[in-house]
Amino acid sequence: MEKLTFVTDDNENVDLYVIEETRVNGINYLLVTETDDEDMDGDCYILKDTSAAESSEASYEFVEDDTELTAVGKIFEELLDEEDA
């Protein structure tokens with residue numbers, strides 16, 4: 001599992017582990033969790049890339065819009081189901 005370190009608005013470092021990634025309508029999304037232990041149940045979050053196309057560094061924000069969260073969540077669910085099959 002890939003570990004990414006994010007810097008919060010308060011300048012704190014937070015490590016999150018990428019479970020899956022996808023691209024929807026030209027936007028990159030990450031499904032992440034706070035733990036790298038695959039056997040533990042942890043909270044999952046969906047992040048979306050909000051950086052400009054010409055930017056060399058990605059900038060991710062938590063998806064907070066319920067409609068977007070539900071739609072992208074279903075895509076991640078399908079991707080994870082395919083991996084388990």
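Computed from the coordinates by the stated procedures, all read-outs in this text should not be read as laboratory data. What you see is a predicted model; the values in this text were computed from it and never measured. Heads up, the Cβs are rebuilt from the backbone with ideal geometry, glycines too, and the neighbour counts pull from every protein chain shown.
In table form, for the structure just shown:
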{"quantity": "The chain: relative contact order as a whole-number percent, Cα under 8 Å and 6+ apart", "calculated": "19 percent"}
{"quantity": "Helical mean residue ellipticity (222 nm; -39500 (n - 2.57) per DSSP H run of 4+; nearest 500) of the chain", "calculated": "-7500 deg cm²/dmol"}
{"quantity": "Surrounding net charge for Lys74, when Lys and Arg each add one and Asp and Glu each subtract one, Cβ distance under 12 Å", "calculated": "-4"}
{"quantity": "Alpha-carbon Rg with Dmax, taken over the chain, Å", "calculated": "13.2, 41"}
{"quantity": "Fluctuation leader among Leu31, Leu47, Leu69 - the chain, Gaussian network, Cα springs under 10 angstrom", "calculated": "Leu69"}
{"quantity": "Check: the chain dipole with +1 on Lys, Arg Cβ and -1 on Asp, Glu Cβ, in debye", "calculated": "420 debye"}
